[in-house]
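Reviewing the structure listed below.
The values are calculated or read from the model by the stated rules, or taken from the named source; none is laboratory data. All values derive from a computational prediction rather than experimental measurement. For neighbour counting, all protein chains shown are included, and Cβ atoms are generated from backbone atoms with ideal geometry for every residue, glycine included.
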């Protein structure tokens with residue numbers, strides 16, 4: 001048996017695994033690849049090299065006790081209706097990616113909790129990976145001892161390193177090819193299934209050879225068994241019960257078991273087959289363990305390593321081919337465990353530790369999905385490398401075979417600490433985050449203190465003194481006899497204390513703490529998972545689904561766009577039609593396209609409604625509600641804006657009407673003003689011509705003509721003054737000087753000086769005459785004069801009267817001018833304060849229609865206003881101004 | 001099949017299905033009893049015949065597997081029929 005041949009066969013076998021994994025990835029969703037048999041076989045990652053080689057060693061040392069490692073899981077699977085059914089349903093419903101994810105998700109998506117579980121899983125699994133590396137290395141060594149020529153495997157470390165690197169390569173290649181939302185790896189699962197068959201057949205072949213080839217049949221084996229040294233051992237009931245419990249716990253809590261059982265599960269119904277088929281597999285795996293152990297003990301030389309009987313028995317009998325087969329079986333056991341465990345651990349490490357850190361450091365926007373996806377894959381790869389690196393490191397550190405032999409059970413006890421939080425979480429709605437944290441940390445600490453740290457041997461991590469007398473000589477804190485309870489098997493001792501303290505803390509902290517709403521929702525979702533979900537069948541893509549998806553997509557992103565997306569995907573899948581297979585990748589892409597239109601959560605909910613792969617979770621609903629709220633908010637804003645626009649449009653319409661009106665007024669004014677200017681000009685010209693050309697005009701006539709010319713010039717000047725005045729006021733070039741005066745004084749002065757004409761009578765109401773105001777008296781007088789003049793000119797009552805009322809309104813001083821004329825028609829009130837506005841040209845002579853415009857300008861300059869007061873019987877104007885004039889602006 | 005033609009035994013079908021579920025639930029306790037109790041009884045003693053004890057456990061094991069297989073299959077079949085109706 002050449003060692004070179006062994007290496008060549010190993011490589012060929014690995015190449016075969018590659019081919020199988022690759023083909024399975026390519027085949028995608030074909031029916032038989034997702035059969036319950038494949039599922040059952042993938043569960044066999046439970047049987048590691050520790051099982052393949054170690055079970056025989058275990059049996060040779062401790063007799064039938066090795067059975068507990070298989071009876072425990074058998075009991076769990078026989079009772080699948082209780083726990084596994086629920087776990088698998090929850091896993092599918094919540095799209096759980098790992099056991100840490102499940103725990104975190106149950107307790108309100110707490111990442112801290114996920115980190116704790118991940119750390120525990122890494123600590124618990126690393127020694128186990130080291131164990132696999134060791135077993136493969138030892139099996140190489142066993143061959144090299146009997147082989148002639150070729151390589152020598154003196155350097156165990158080197159061999160282990162190469163194996164670790166190779167496994168990391170394979171795992172990265174098939175474990176992180178794509179980022180499946182459901183974390184499923186068809187290729188890896190197929191390879192694992194193949195390895196499951198190889199290891200079972202290998203062990204059966206060795207067993208059959210041993211029983212009927214070396215020994216003389218079953219009777220002979222039974223006789224040898226009863227005669228062997230094992231038969232004289234006492235049966236340890238405590239360990240029997242403890243180990244059965246431990247193994248039952250491990251099948252639920254081991255990260256790799258959770259990975260294949262829950263995460264990789266593609267159809268819930270597969271569990272119904274696995275419920276009996278997996279125990280049957282375990283049964284077959286352990287059937288020949290005892291015979292091989294007994295025959296190894298009785299035929300091989302004293303001191304042979306019982307852990308390698310599976311290899312050394314055929315080798316000693318000269319059966320090179322069979323030994324090679326056995327080697328492949330052991331190799332399969334080790335590699336499948338390492339691959340699945342590192343995928344499971346890397347998922348946890350990258351999802352719960354590295355990604356949060358990455359996102360926190362890069363502060364990148366999570367919606368840049370392309371970048372984040374690449375980053376996730378990268379962290380997965382790094383994590384796989386790190387996990388295997390840790391395993392190798394542990395292998396180098398612990399070195400000796402004796403320390404590793406017990407590691408399997410220590411690992412089990414470590415991951416078992418997750419059990420209370422897990423089972424409590426899915427059966428008890430009252431379980432809370434604080435309970436889970438307390439239980440996990442408490443249980444894990446006790447485990448580390450009583451089992452893990454002492455496992456490095458006396459004088460390892462704990463000194464001999466420490467182990468014998470406890471820390472600082474405190475007797476009841478001895479790691480192997482906590483609270484003074486002595487004489488127990490260390491494993492059972494650690495198991496009892498860690499599990500009971502764990503459960504106690506979990507219960508008490510759950511009872512006293514109060515869960516947040518998310519926790520309570522998730523708790524209700526998981527505990528009552530069967531009431532909230534319809535039984536999802538297998539996620540098997542069908543044409544109907546693709547068509548439904550297309551119909552839906554068309555509705556959202558439009559027909560042509562949807563068709564394009566579908567056609568591109570179909571082409572990438574190598575199909576000629578327009579409908580691609582609804583593979584996870586395609587659905588992923590579609591979801592992303594849709595989420596561009598309707599938001600991620602809605603897109604997910606819509607797609608899963610059609611694919612039915614997962615029911616809508618509370619989280620989804622909450623996200624949908626959020627989005628809906630946002631949309632509602634947005635539409636409210638739009639509504640408000642459109643109302644605003646309506647108002648503005650109305651205002652604009654009004655302004656336009658006013659402008660049109662003004663423009664008409666202006667045109668009218670232009671003809672008016674030219675007329676106004678022309679009239680005095682004409683008389684000036686004609687009278688000056690008369691004065692120039694006519695001789696012999698009497699003295700009296702000269703005086704008369706001259707005064708006409710003078711009057712007309714004055715009129716022209718007044719018009720021009722008004723024009724100038726408004727222009728100055730409008731440009732803000734006017735300077736106002738404030739002086740203190742009472743209202744009454746201003747009015748008195750004005751009414752004394754103004755030309756009231758023959759008829760107009762003024763009556764005063766002097767309520768506010770005493771108010772002292774600080775204002776530009778000249779300008780204010782100008783306004784008042786203007787108003788009085790207007791009344792004189794336009795009030796057409798027979799006995800025109802003007803009532804002037806003074807008063808105060810809040811901070812403002814008010815003067816009302818009310819005449820007894822016919823007032824101003826409502827339609828004209830808007831424009832009387834505009835320039836050049838004149839309501840009619842009757843008796844309008846001498847005015848340019850600028851008076852009220854000038855008044856308004858002045859009042860505004862003073863910080864007040866002028867307004868028309870309707871409903872006073874005649875034309876009424878109100879001046880409003882502050883008691884103290886606003887500072888003049890330039 | 002209209003309402004009148006439905007078998008009177010429809011009720012009993014549902015009843016039977018529930019009892020099968022009960023049996024499925026009971027199974028692990030049966031297993032625990034037959035695996036754990038002998039373990040405790042044997043505790044501290046040297047078994048008279050190691051091969052005999054071994055054969056006992058393997059026998060219990062295969063019986064458990066068979067019972068699970070039968071009950072699960074019946075459950076799956078009946079469950080499907082009930083759903084279809």
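Cβ-Cβ under 8 Å, sequence separation 6+ or interchain: first residue in the range A:341-360 and free of Cβ contacts under 8 Å to residues at least 24 places away in the same chain, partner surrounded by fewer than 24 Cβ atoms within 10 Å (Cβ to Cβ) and not in a helix (DSSP H, G or I). Which pairs?
From the range A:341-360, the pairs are A:359/A:366.
What pairs can you find where one residue is in the range A:680-695 and outside the structural domain of residue A:715 (by TED's automatic domain parsing), the other is not in a helix (DSSP H, G or I), and their Cβ atoms are less than 7 Å apart, with a gap of 6+ or different chains?
Once the first residue is outside the structural domain of residue A:715 (by TED's automatic domain parsing) and sits in the range A:680-695, no partner that is not in a helix (DSSP H, G or I) comes close enough.
Answer with yes or no whether residue A:495 is surrounded by 14 or more Cβ atoms within 10 Å (Cβ to Cβ), within 29 Å of residue A:245 (Cβ to Cβ) and at pLDDT below 75.
no
Given the criterion buried (at least 19 other Cβ atoms within 10 Å of the Cβ), within 11 Å of chain B (Cβ to nearest Cβ), under 23 Å from residue A:71 (Cβ atoms) and touching a helix residue (DSSP H, G or I) at 6+ places or on another chain (Cβ under 6 Å), identify the matching residue among A:280, A:254.
It is A:280.
Please go through the range A:212-229 and pick out each residue that is under 15 Å from residue A:296 (Cβ atoms) and more than 13 Å from chain B (Cβ to nearest Cβ).
Listed by number, the residues that qualify are A:213, A:214.
Test of understanding: among A:587, A:557, A:534, which residue is within 33 Å of the chain's Cα centre (by Cα), at pLDDT below 70 and over 30 Å from residue A:427 (Cβ atoms)? Break it down stepwise before answering.
Numbers: A:587 fails: at pLDDT below 70; A:534 fails: over 30 Å from residue A:427 (Cβ atoms).
Residue meeting the stated conditions: A:557.
Identify the residue in the range A:843-857 that is closer than 14 Å to residue A:784 by Cα and touching a helix residue (DSSP H, G or I) at 6+ places or on another chain (Cβ under 8 Å) and, among all such residues, is modelled with the highest pLDDT.
The selected residue is A:855.
Given the range A:27-93, what helices (runs of 4 or more DSSP H) lie entirely inside it while holding 2 or more residues that are away from every other protein chain (no Cβ under 14 Å) and under 43 Å from the mean Cα position of the chain (by Cα)? So that I can check it myself, show each step before the final result.
Values: elements: A:36-42, A:49-52, A:54-62, A:68-78, A:84-93.
Result: A:36-42, A:49-52, A:84-93.
So residue B:11 ticks every box in (1) at pLDDT 90 or above; (2) more than 8 Å from every other protein chain (Cβ to nearest Cβ) but one. Which box is left unticked?
Result: residue B:11 passes all but (1).
Pick from A:723, A:756, A:662, A:743: which is surrounded by 13 or more Cβ atoms within 10 Å (Cβ to Cβ), assigned by TED's automatic domain parsing to the domain that holds residue A:815 and in contact (Cβ under 8 Å) with a residue 60 or more places away in the chain? Show your work before the answer.
Working: A:723 fails: assigned by TED's automatic domain parsing to the domain that holds residue A:815; A:756 fails: in contact (Cβ under 8 Å) with a residue 60 or more places away in the chain; A:662 fails: assigned by TED's automatic domain parsing to the domain that holds residue A:815.
On inspection, the qualifying residue turns out to be A:743.
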